[in-house]
Every structure is written in structure tokens, then in C-alpha cells.
Amino acid sequence: MSEPAGERDSRVRSEKAAELFEAWFGGGPDGVWRAPGRANLMGEHTDYNDGFVLPFALGQGTAAAVGRRAGRTLTLCSAQEDGEAEIALDDLAPGRVTGWAAYPAGVAWALAGAGYQVPGARIAIDSDVPVGAGLSSSAALECATALALTELAGLPVSHPELAAIARRAENEFVGVPSGIMDQSASLLCQAGHLLLLDCRSLETTQVPFVPAAAGARLLLIDTRARHELTDGEYGQRRAECEQAARLLGVPSLRSLTDPAETDQLADPVLRRRARHVVTDNQRVLEVVTLLDSDPGPAGLAGTYRDIGRLLIQAHHSLREDFEISWPEADATVEAALAAGALGARMMGGGFGGSVLALVPADGCGPVREAVTETFGQHGWTAPDFLDAEPSDHARRLALQWMGFEGGTQCRYERKSRISRVRSPSCGTPSTVSLRSAWTCPRRRPRCSTPWTGCRWKSAPAGGSAR
Ligand code: GLA
């Protein structure tokens, strides 16, 4: 039986993380953990309003190869970043660590705050979740390290609790006021399902969702426009929602079920913000009802057309009421619909990132062409396209050390950018640049070991979310 593409990508990514660990630190890791990025079918900016969201895990994810080390330090390297980060576990406080290492550091800090002391460790990261594309690369990094550190230490932390801890890392350590959706998706989603998450009760329901069965596909279009959640607009929307709830005398906007209730708000901006949250919550529940009511194979196309219609409504709401869309997203939605998409909308926090399109299975080519042409006409950087298939949650992967591969010299080759590596044979540090090959400069006797690459082979460990 052939291996599904997402599964294969995840294994390859994990093997690469193990290779990086081997090259950077010497020796093999104790294990490799991988956490996916996420997409969201419906429910945007509803999570921090105690509302509903409907995300799914992507095939793309972040792998962390991790090994114990003596002392209370985390040492990190990444195939996507230069250099190495050293983090003193007993000296963690918000603001002390910046850049990408703040995410794993924040996880260790939040775990300690929850009473879980993690051990010193070496961590090698490799990710194929594009950064800034609105696909939760940061949650994937947090969840991969959180799961790795707790499982390595044998700490009994359930996946829902881990999601809350990873969110706290992002909110309080990194300083991004995000909701609980991304970490929950990364840790709780199941392949072939959407995750219906009630962000008030944190109750979850797995909703079967296999677009291919209805002759449809999900296409993610990375508009390449970038925006950081730390930029202030995200926090401003959150503050506006909280203010609207206060003025309406409810604990959160989730308490409203009728959009007409928002008419009581005198401020037109707050009224629009609240209306988006109320209507988007309704759209989440409508999608679930559509998928729950089994129309039989003949009626499935109609169900997906209805979901497409809701996606279009959601985009209008995000553009007009929540005012977080951006020109590339609007043009993408318009071009995709004109080329036959059933529905499309901007996804994520807003002002940059990706568009999610629901497309007839044979319509992906025309949609890609139409969107690419539109970008060309505007003179924008060409968009990227990713097939989005609802995939599995974070987990540990089984890896087996297979020894060195045959070759004639001690030689380390990588296609990723790494600023410092060690010879896998003799541990000599050296420098490589993008797409270059590296030869061990010391040529010690051990370096004559025939070697052209690490040989880690992975097999899915099974394992389900606790
Ligand atoms: C970002 C945040 C999430 C959520 C979305 C918008 O991805 O991290 O918590 O608020 O934006 O739905």
C-alpha cells in the first residue's frame, strides 16, 4: 500500500531533523517529535471571544529531534535559522529570550509554571510550515517542543493541557495575544476530520471531513503578503471585541446568538466587529450541521456548494465588518471564484498570509492559473499553492539508527541553510552556506569512515492524543 503524501512528508522532515541533530550535536537524538501547522475552515477571531472554530491539521509541520543533556540548559539549532541558542532553564522570564528561540523557551517557562520541570536537552528543529503564511508555524514549533520535552521527561501532560500551556507561552512569554485555536489544532486534530472546538468549554468534537469524497479539494494560497500578530492590529481587534462585550453587558461576544443584538452598540466600528464574531460563530455551526446531515453520495456536491457559499460570506464579513483582509487576499478570492472555486476566504489573523479555497477536484489548475495571472497583472510576488489535507495531530515518531551510508570521505551535505555544523564523524565544527557541501577539515582517522549522509529511518509510532 502506498504511503499518503502527508505521512511521507512528515517522516522525511523528521529524518532531516534527526540528521541535523546528528550533524550539529554529534550522536543520535533520544527521539523525534513532530507537530503540524493548521488551516481553519471557519471561525476567525472567534477563539478569544469564547466562540467556535473549525480548524484542521496540515500535512506540513515542525519536527524536533531531541536528546537529553547534562545541566539545566536547552541548546537549540534549526535548519531554517542561523546559529545556535542556549537557554538557561532556571533563568527564564518573559523578555529574556527573543527571536525564534523564544517559542521553545516560552514552552519550558510555561511548563515550569504549571509545575512540570523539564530536563536539559539538545533540540534540532526542521520545519516545512512557511513562516508568516498564517499557517501557525509558531504553534507547530511550540507544540513539537512541548510534546518532546514532556514525553522525554515522562511527564503526564494531556494534549488539551499541553495546548493551554503552549498558548500561555505565546501569550505571556512571546507577547502575542492569540487565542487557543492554533495549539489545539496542532495537538488534537485527527486525519480526515475538522476539529470543532468550543473555546468557552474547551469541548472538542471530531467532524469527519473528506473533500475528495465529494469531488472537491482544499487549496491554500499563500499570498506572500506578511504581517506579524505582534504588529498591534490583532491586539486592537481583540480589545474592540472585549469592549463591545462590556458595553453589551455580556461576559464575551459568544453570549450573543442573534446578530441584531449588536445593533445596540452605538459605535459603528464596535458594531461591525461584534457582528462579525456573532455571524462567524453561526457559520461554524452551519458547516457542522451541513456535514452532520448525511445527504448520501449524490447530495454531497450540494453540501460542499453550501460550504463554499459560507466561505464567501465569511470573507465578506472579515473584509467589511472585521476589516482585516488585504488586497492580495481580496484579489485571490475574486480570481478563484471566477475560475470556478466553490468558495474562498482569507484565513487566520489577517493583513497577510493565506487564502483557503474550496475547489472542484478538477478545478485546481484553472484556479492556480487565474490567481497567478492576477498577481502578475498587479506586479505582486507570485503566490505559493499548497494542497491542504486534514492530517493528524502532533506525535512522536519512531526512528531507528541505520548507520552511515557508503561514500569516500567524511562529507556532510545539506540543502538547508546552516551556519555551523560539526563533522558527524569527528565532531569538528565547520561552516556551511546555503546548498553547499562540507568536508571535514581535520581528516582524523575516524573521518575516513565512508560517509555521505546520516541514515535515520522513521516509522510512525501510532500514538493518539490523550
Ligand atoms: C491567529 C491566532 C488564533 C486566532 C486566529 C484568527 O492565528 O493565533 O488564535 O485568533 O489568528 O482566527
>> Suppose R0 equals 22 Å. What FRET efficiency, 1/(1 + (r/R0)^6) with r the Cβ-Cβ distance, do LEU202 and GLU242 give to the nearest 0.05?
In response: 0.70
>> Sort 262-274, 180-192 by packing, meaning the average of other beta carbons within 10 Å per residue, with the highest value first.
In response: 180-192, 262-274
> If you take the square roots of the eigenvalues of the alpha-carbon gyration tensor of the range 86-129 and sort them as a ≥ b ≥ c, do you get rounded (a/c under 1.5), prolate (a/b over b/c) or oblate?
Replying inline: prolate
> Under a plain spin-label model, where a point goes 7 Å from the Cα along Cα-to-Cβ, how far apart in nm are ALA213 and VAL269?
Replying inline: 4.5
> Give me the Kirkwood hydrodynamic radius of the range 252-337 in Å, from all C-alpha pairs, to one decimal place?
Replying inline: 14.4
> Loop-only check: which GluC sites (Glu not before Pro) in the range 170-256 are DSSP coil with at most 15 other Cβ within 10 angstrom?
Replying inline: GLU203, GLU228
>> What's the ranking of 381-393, 247-259, 214-226, 86-98 by average number of surrounding C-beta atoms within 10 Å, highest first?
In response: 214-226, 381-393, 247-259, 86-98
> With each label point set 7 Å from Cα along the Cα-Cβ vector, what nm distance links GLU161 and ARG96?
Replying inline: 2.4
>> Just to be sure I understand the model, the point goes 7 Å from the Cα along the line to the Cβ. What's the resulting ARG69 to ASP231 distance in nm?
In response: 3.6
> Semi-axes of the equivalent ellipsoid of the range 37-134: what are they in whole Å, largest first, if each equals the square root of 5 times a C-alpha gyration tensor eigenvalue?
Replying inline: 28, 18, 12
> For the peptides 360-370, 34-44, what is the packing order when you average, over each peptide's residues, the other Cβ atoms within 10 Å and list the highest mean first?
Replying inline: 34-44, 360-370
> In angstroms, what radius of gyration and Dmax does the range 5-201 have, counting Cα atoms only?
Replying inline: 15.6, 47
> What number in nm² do you get for the range 213-387 if you take the convex hull of its Cα atoms and divide its surface by four?
Replying inline: 10.8
> Rounded to the nearest 20 Debye, what is the dipole magnitude of the range 1-126 about its Cα centre when Lys and Arg each give +1 and Asp and Glu each give -1 at the C-beta?
Replying inline: 240
> Does the range 139-241 come out rounded, prolate or oblate by the C-alpha gyration tensor, with a ≥ b ≥ c the root eigenvalues, rounded set by a/c under 1.5 and, if not, prolate when a/b is larger than b/c and oblate if not?
Replying inline: oblate
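Every number here is computed from the coordinates shown, using simple stated rules; none is lab data. Here the structure is a predicted model, which means the values were calculated and not measured. Heads up, the Cβs are rebuilt from the backbone with ideal geometry, glycines too, and the neighbour counts pull from every protein chain shown.
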